[in-house]
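The structure appears right after this line, and notes come after that.
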Amino acid sequence: MPVKPVEKIWMNGKLVNWDDAKIHILSHVIHYGSSWFEGIRCYETKKGSAIFRLKEHIDRLFDSAKMYRSEIPYSKEEVMKACKETIKANKLKACYIRPIAYRGYGDVGVNPFGCPVDLSIAVWEWGKYLGPEALEKGIDVKFSSWNRAAQNTFPTMAKSGGNYLNSQLIKMEAIVDGYVEGIALDVNGVVSEGSGENLFVIKNGTIMTPLFVNAILPGITRNSVIQIAKDAGIPIVEGNIPRELVYIADEVFFTGTAAEISPIRSVDKIQIGEGKIGPITKELQKRFFDIVENGNDPYGWLDFVD
Ligand code: PMP
């Protein structure tokens, strides 16, 4: 979906006009994918505008940069404050927040050490990621012919720009083949995740989700769902999931900042359960949206903008 411009973007400590938020073509990031970013949502809850798990997202941003020996030249507190400042400057109640740290202009070789680590924060309005009906009706997905990167190639626990070339291949293949999204296996043939979502499978009342070593991003929505399920008394385990278990599951769903909790109704044209949202997925959605929409937050996950 095309981005609707807002007024200001935060760049290296300053709020600049949307159209002026530019970088040099020889910036390292453009050539070598050297960026680390976050996707965060600010919800307009009944108790006011609040950012969902801002601290955890900023922690992950710093962790991603650290894996690449890159130091973000601001404190976590400064970055969190800048996220709120950018939302306020654009007078948005609900939005998507995209902080991105990247190796900037300085040196054009592969070695990034001669390039500064720059930081920018953009915000914009964003609707339902997998389509307006996805949350209720479920989506049709396929297993991708692309695997996630092997653990000894790139760190998949980093949310780094370069990793999204793999995500793009998964997403494009799915769309060209007539599906909403793809699920990738890891290099060992075990279930990993979607192009931008973590995956959960439910069989006989137990929820299962892949491990970090299955080349997944440690999703913050994933972590939230694990916590919510535990508190709801629903058994939940992290482990290796064979592909065929997805086909015979009672319920399958994706999680992500953009996807929230999106039920999957078919995989490779095999109907999952009854081909619609299942009771456990529905219960998890209910509890999740009670936090982000109603502002009933027993976890302290909402960080209010004002
Ligand atoms: N996996 C990938 C590859 C992603 O891009 C995302 C979105 N950030 C997720 C999983 C879900 O993570 P989160 O719940 O933190 O948005």
Share of Cα-Cα pairs in the stretch 228-306 beyond 15 Å, whole percent, is 64
Unit-weight point scatterers at every alpha-carbon of the stretch 8-124, Debye formula, q = 0.09, 0.10 1/Å: log10 I(q)/I(0) is -0.24, -0.30
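In whole Å, what three semi-axes, largest first, describe the equivalent ellipsoid of the stretch 185-268 built from its Cα gyration tensor (square root of 5 times each eigenvalue)? Spell out each step's value before the answer.
Details: eigenvalues 58, 45, 33 Å².
They are 17, 15, 13 Å, listed largest first.
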Candidates D186, D290, D250; GNM for the chain (alpha-carbon contacts under 10 Å) flags as most fluctuating D290
Heavy-atom accessible area of C95, protein chains in place, probe 1.4 angstrom, given in Å² to nearest 10, is 10
Residues whose modelled amide H sits under 5 Å from the amide H of T45, counting only those 5 or more places away in sequence or on another chain, are A50
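What is the projected area of the convex hull of the Cα atoms of the stretch 71-217, averaged over all directions, in nm²?
Values: hull surface 48.7 nm².
Averaged projected area of the stretch 71-217's Cα convex hull equals 12.2 nm².
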Full extension between E7 and N223 adds, at 0.36 nm per residue less the Cα distance, a length in nm of 74.5 nm
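What share of the DSSP beta bridges in the chain is antiparallel, in percent to the nearest 5? Show your work: numbers first, answer last.
Numbers: 48 of 57 bridges.
Given both bridge residues lie in the chain, the antiparallel proportion sits at roughly 85 percent.
Any chance you could list the semi-axes, whole Å, largest first, of the equivalent ellipsoid that the Cα gyration tensor gives for the stretch 134-292, using √(5λ)?
Details: eigenvalues 101, 61, 43 Å².
Here the semi-axes work out to 22, 18, 15 Å.
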A 1.4 Å probe over the protein heavy atoms gives the stretch 134-292 a carbon and sulfur accessible-area percentage of 55
1/(1 + (r/R0)^6) with r = Cβ-Cβ of K76 and N188, R0 = 41 Å, i.e. FRET efficiency to nearest 0.05, evaluates to 0.75
Rg from C-alpha atoms of the chain, normalised by the globular rule of thumb 2.2 N^0.38 Å, equals 0.99
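Suppose a student asked you for the relative contact order of the stretch 19-129, using Cα pairs under 8 Å spaced at least 6 residues apart; what percent would you report? Intermediate values should be presented prior to the final figure.
Details: 170 pairs, mean separation 38.2, N = 111.
Computed over the stretch 19-129, the figure is 34 percent.
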Computed over the stretch 262-306, the distribution of all Cα-Cα distances in 5 Å bins, rounded to whole %, is 5, 19, 20, 15, 13, 10, 9, 6, 2, 0
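Assign unit charges at the C-beta atoms only (+1 for Lys and Arg, -1 for Asp and Glu), then state the dipole size of the stretch 8-124 relative to its Cα centre in Debye, rounded to the nearest 20.
Details: 19 positive and 13 negative charges, 121 e Å.
Approximately 580 debye in magnitude.
Which value, in debye to the nearest 20, describes the size of the charge dipole of the chain about its Cα centre when Lys and Arg Cβ atoms bear +1, Asp and Glu Cβ atoms bear -1, and nothing else is charged? Write out the running numbers ahead of the final one.
On the way: 36 positive and 38 negative charges, 69 e Å.
The dipole of the chain has a size of about 340 debye.
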One finds the C-alpha centres of the stretch 197-227 and the stretch 255-306 to be spaced, in Å, by 13
For the stretch 134-292, percent of DSSP beta bridges that are antiparallel (nearest 5) comes out at 70
Note on the chain: contact order normalised by length, alpha-carbon pairs under 8 Å, 6 or more apart, percent, works out to 20
Extension length gain for E136 and L169 (0.36 nm per residue less Cα distance), in nm, is 9.2 nm
Quick calc, K46 & A89: beta-carbon distance into FRET formula, R0 25 Å, rounding 0.05, result 0.55
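What does the accessible area per residue of the chain come to in Å², with a 1.4 Å probe and no ligands, DNA or RNA counted?
Working: 14160 Å² over 306 residues.
Per-residue value: 46 Å².
The values are calculated or read from the model by the stated rules, or taken from the named source; none is laboratory data. Since this is a predicted model, take the numbers as computed values, not measurements. When we count neighbours, we look across all protein chains shown, and the Cβ atoms used for this are built from the backbone with ideal geometry, even at glycine. Protein only, heavy atoms only, side chains kept; ligands, DNA and RNA dropped before computing areas. Shrake-Rupley method; radii C 1.70, N 1.55, O 1.52, S 1.80 Å.
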